[in-house]
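Here's the structure we're looking at; comments come further down.
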Amino acid sequence: MNKQQGATLFGMMIIAMAVVFAAMLVMKILPPYMDYWTVQKVLSAMAHDPEVKGMSEREVRTSFDKRASIDNIKSVKGSDLDISKEGGEVVVEVSYPVKVQLFGNLSACMDFHASTSGSKPAGATVP
């Protein structure tokens, strides 16, 4: 008599639940990272724009707001920017937190830091 082998219905349901959970997590976490990458892209474009070098702080903020409206950035405004001059170059930085409700009372808190001098996301923590 041969013994049957293979996946059971219960095993397939467990795997399906894990895949659905992972997909939901990715769908909730991905938009803030995409927004961060867009902010970093705008700051990188500003770093390579020779006109920004001679701008005042107010003009830099206005320039960022215009670029942010084109790229549909909602998480950062020009008033959130930290602007300084280092070695004749304008350095624009922004740090901001994002809290995403996953489901129920479980949230993911992510801290981002973007700069014209290049940066990486600070990461995500789940409280």
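The values are calculated or read from the model by the stated rules, or taken from the named source; none is laboratory data. Just so it is clear, the structure is predicted and the values come from calculations on it, not from any experiment. Glycine also receives a Cβ, built like all others from the backbone with ideal geometry; neighbour counts cover every protein chain displayed.
Listed values, structure above:
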item	result
Condition check for Met17: surrounded by 10 or more Cβ atoms within 10 Å (Cβ to Cβ) and either at pLDDT below 95 or not in a loop (DSSP other than H, G, I, E, B) (or both)	yes
Residue in the stretch 86-94 that is within 15 Å of Pro32 (Cβ to Cβ) and touching a residue at least 24 places away in the same chain (Cβ under 8 Å) present	yes
Near pairs, Cβ below 7 angstrom, 6+ apart or cross-chain, from the stretch 58-77 (at negative phi and aromatic (Phe, Trp, Tyr)) to any residue that is in a helix (DSSP H, G or I) and modelled with pLDDT of 90 or more	Phe64/Val42
Complete set of residues in the stretch 39-89 that are aliphatic (A, V, I, L, M), surrounded by 17 or more Cβ atoms within 10 Å (Cβ to Cβ) and part of a loop (DSSP other than H, G, I, E, B)	Ile73, Val76, Leu81
